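Read the structure below first, then the notes.
Every number here is computed from the coordinates shown, using simple stated rules; none is lab data. All figures in this text were calculated on a predicted structure; none of them were measured in a lab. Note that we place each Cβ from the backbone using ideal geometry, even for glycine, and neighbour counts take in every protein chain shown.
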Amino acid sequence: MATLAKALAEPLRVRILDVLGRSDEAVCQCELIALFDIKQSLLSHHMKKLTDAGLVTVERRHRWAYYSTSADALQELTAWLS
């Protein structure tokens, strides 16, 4: 739980996770960069923290990365917060 909590300590990561959680499909990194008006390197940093914590999964499609939430991690987080 400490790893999950640490990953969510950054407000931008919480916002990214919210966007991913609301999407029915995996979200392209290009959409996240435009949505949050951040550089690709900053997005990569935050996505690494979220994927390392198991909150987000990544799928590579050619030169783009597509992100989605990990249902198991979100259930674990919800159970812990309840």
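Basic side chains Lys and Arg get +1 at the Cβ, acidic Asp and Glu get -1 at the Cβ, and with that the dipole of the range 2-76 about its Cα centre reaches some 320 debye.
Loop-resident trypsin sites (Lys or Arg not before Pro) (DSSP state other than H, G, I, E or B) in the range 37-82 with no more than 11 further Cβ atoms inside 10 Å of their Cβ: Lys39, Arg63.
Between Arg22 and Val58, what is the FRET efficiency for a Förster distance of 25 Å, r being their Cβ-Cβ separation, to the nearest 0.05? Can you show the working numbers first?
On the way: r = 18 Å, r/R0 = 0.71.
Efficiency, rounded to the nearest 0.05: 0.90.
Taking label positions 7 Å along the Cα-Cβ direction at both Ile38 and Ser82, the computed distance is 2.9 nm, reported to one decimal. Fully extending the segment from Asp72 to Thr51, taken as 0.36 nm per residue of separation minus the present Cα-Cα distance, adds 6.3 nm.
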